[in-house]
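Colleague: Here it is, the structure, as structure tokens.
The values are calculated or read from the model by the stated rules, or taken from the named source; none is laboratory data. Owing to the predicted nature of the structure, the values given are computational and were not obtained by experimental measurement. Here Cβ is always computed from backbone atoms with ideal geometry, including for glycine, and neighbour counts include all displayed protein chains. These area figures cover heavy atoms from the full protein model, side chains too; ligands, DNA and RNA do not enter into them. Shrake-Rupley method; radii C 1.70, N 1.55, O 1.52, S 1.80 Å.
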Amino acid sequence: MHVSGIEDKARKARDKKAIYGTDVDLESYESEAKPQEAVTNAEDLPSVVRKAALDVGVKLDGESSGSFVQMDQTPVVAKSLYEGVEIMDMASALEKYDFLQDYWWKLVAPDADKYTADLASAPPAGYFIRAKKGMKTVFPVKSCLYLGSSNLNQRVHNVVIAEEGSELHVITGCTTPAHVQRGLHLGVSEFFIQKNAKVSFTMVHSWGKEVEVRPRTGITIAEGGSLSNNYILLKPVKTIQTFPTATLAGRGAKASFNTVVYSSMGNIDIGSNVNLNAAETSAESISRVVSVGGEVIARGRMTGRVPGARAHLECVGLLLSDKGRIYSIPELDGQSRDLDMSHEAAVGRISEEELEYLMARGLNSEEATSVIVRGFLDVEIKGLPEDLKQEIKNITQREDLKGAP
């Protein structure tokens, strides 16, 4: 085979991986985890756990509506601070409430893929969060899913219910301590946003360099309901594959997906999928990707099925190194008349004019690049409480976001 043929075969293999994702060998990870000791308050957790949570924006001793912490497979904290907000570990919630069978595995199928099948075969873990009818929270529920053991397959299945007219804010940090580099995180999350309810959900990932992550998420939004979904990944990870699907099922339902990624290695496959199934629904998906290494696949799919639906996709990437790759896949599927659907995708480099402008004011090249990168990742997210906005801003404005070496 000629060299050009070898190169072409390698390119096709890379493209196939980009389209279909990378596979995970489940058998190479431990299924059993050592039980951890539960505590009454999050402030009583080991310092290594609290520090790991803080690194992903979850200040467990700060103002909140309640907290949930899972260490490996053990729920160690599940506490609500308001009567109108319920926070429980999933196993206890299933035992307490028969009605949860109407929600459990209803938006994500147990046989969707081998990861959901593996999770379905394990004992329930993860959190159950419910905002009761008319309850409007000011401070977020704070959750931390902590993978503290090497080579462990951590499994979580979360259910979030926002009842009619409620308002719920959740910030979840998924993280590992410095000594854990290899592991697997399998997660299923199901969100039920009822009539005129509002949910903001922010997930921050900070994993080890050999951690593989497979979240599977389903969302349904009823009439007048809304979701602001925010995803932030700024630390190295081996592979991640996430493609949450939201169904706008009621008139006037809205969904917004905001994604911020800084890639230095690995295979990062992210995106969102929105079905606009009712009149006057609207959705937007905005992603900002910076790559100094590794491969990022940024997907977005919007399907409009009724007249008057509005949707917009936007993916903008900065490539700061030849070691990186950004692969943008925007999809618009219009199935009715009178739709308003659009997309914008762009991948490029930092302009020399911007660098020269900042360097002329006393910054060196690395400092100037860092300022531009942090500004690029500072996505405006509407509808969040001010303290949660500030927490997100603090994460995306970290001083260690430097330019390419």
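Colleague: Having 1 or more residues that are more than 22 Å from the chain's Cα centre (by Cα) and among the small types (G, A, S) is the bar; report the helices (runs of 4 or more DSSP H) wholly within region 29-123 that clear it.
Modeller: It comes to 47-55, 90-96.
Colleague: If you don't mind, there's one more thing I want to ask. Mind telling me which of the residues G66, G57 ends up being on the phi > 0 side of the Ramachandran plot and touching a Gly at 6+ places or on another chain (Cβ under 8 Å)?
Modeller: From the options G66, G57, the qualifying one is G57.
Colleague: To continue, here is another question. Residue check, L147 against (1) open to solvent by less than 40 Å² (accessible area, probe 1.4 Å); (2) farther than 20 Å from H185 by Cα; (3) not polar (S, T, N, Q), all met but one. Which one?
Modeller: (2)
Colleague: May I ask you to say which residue of F192, F139 is open to solvent by 10 Å² or more (accessible area, probe 1.4 Å) and closer than 19 Å to S67 by Cβ?
Modeller: From the options F192, F139, the qualifying one is F139.
Colleague: Quick one: in region 104-117, which of the residues that are closer than 13 Å to F192 by Cβ and of a type in the set (A, V, I, L, M, F, W, C) is least open to solvent (accessible area, probe 1.4 Å)?
Modeller: Going through the qualifying residues, I end up with V108.
Colleague: Moving on. Among G62, G84, G21, G57, which is more than 30 Å from G300 (Cβ to Cβ), open to solvent by less than 70 Å² (accessible area, probe 1.4 Å) and modelled with pLDDT under 85?
Modeller: Result: G62 is the single residue among G62, G84, G21, G57 that is more than 30 Å from G300 (Cβ to Cβ), open to solvent by less than 70 Å² (accessible area, probe 1.4 Å) and modelled with pLDDT under 85.
Colleague: While we're on this one: Looking at S321, S291, which is the one that is over 28 Å from L339 (Cα atoms), free of Cβ contacts under 8 Å to residues at least 60 places away in the same chain and hydroxyl-bearing (S, T, Y)?
Modeller: Working: S321 fails: free of Cβ contacts under 8 Å to residues at least 60 places away in the same chain.
None of the others qualify; the one that does is S291.
Colleague: Checking G126 against (1) open to solvent by less than 10 Å² (accessible area, probe 1.4 Å); (2) at negative phi; (3) not β-branched (V, I, T), which test does it fail?
Modeller: Looking at each condition in turn, G126 falls short on (2).
Residue-wise test of (1) assigned to a strand (DSSP E or B); (2) buried (at least 22 other Cβ atoms within 10 Å of the Cβ).
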position	(1), (2)
T247	yes, no
R251	no, no
V261	yes, yes
E280	no, no
S287	yes, yes
R301	yes, no
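Colleague: Of the residues D98, D111, D118, only one is under 23 Å from T247 (Cα atoms) and among the acidic types (D, E); which?
Modeller: D111
Colleague: Which residue is farthest from the chain's Cα centre (by Cα), if the candidates are limited to region 268-277 and must be open to solvent by less than 10 Å² (accessible area, probe 1.4 Å) and over 18 Å from V379 (Cα atoms)?
Modeller: Going through the qualifying residues, I end up with L276.
Colleague: Report whether or not Q101 is in contact with a Leu (Cβ under 6 Å, 6 or more places away or on another chain) and either modelled with pLDDT of 95 or more or buried (at least 16 other Cβ atoms within 10 Å of the Cβ) (or both).
Modeller: When the stated conditions are applied, Q101 does not pass them.
Colleague: Something else about it: Filtering region 173-193 down to residues that are touching a Lys or Arg at 6+ places or on another chain (Cβ under 8 Å) and of a type in the set (S, T, N, Q), which residue is nearest to G225 (Cα to Cα)?
Modeller: S189
Colleague: Provide a single number: the residues in region 194-221 that are hydroxyl-bearing (S, T, Y) and either over 19 Å from V85 (Cβ atoms) or assigned to a loop (DSSP other than H, G, I, E, B) (or both).
Modeller: So the answer is 3.
Colleague: Here's another thing I want to ask about it. Among the residues in region 149-161, are any assigned to a loop (DSSP other than H, G, I, E, B) and closer than 18 Å to Y231 by Cβ?
Modeller: In the first step, residues of region 149-161 are kept if they are assigned to a loop (DSSP other than H, G, I, E, B); the result is 149-151.
Subset that is closer than 18 Å to Y231 by Cβ: none.
Taking every residue of region 149-161 in turn, none turns out to be assigned to a loop (DSSP other than H, G, I, E, B) and closer than 18 Å to Y231 by Cβ.
Colleague: Within the bounds of region 209-229, is there any residue that is under 17 Å from S149 (Cα atoms), among the acidic types (D, E) and open to solvent by 10 Å² or more (accessible area, probe 1.4 Å)?
Modeller: Yes, because at least one residue in region 209-229 is under 17 Å from S149 (Cα atoms), among the acidic types (D, E) and open to solvent by 10 Å² or more (accessible area, probe 1.4 Å).
Colleague: For the condition crowded, with 22+ Cβ neighbours inside 10 Å, within 22 Å of V77 (Cα to Cα) and at pLDDT below 95, what is the one hit in I232, I161, I171?
Modeller: Result: I171 is the single residue among I232, I161, I171 that is crowded, with 22+ Cβ neighbours inside 10 Å, within 22 Å of V77 (Cα to Cα) and at pLDDT below 95.
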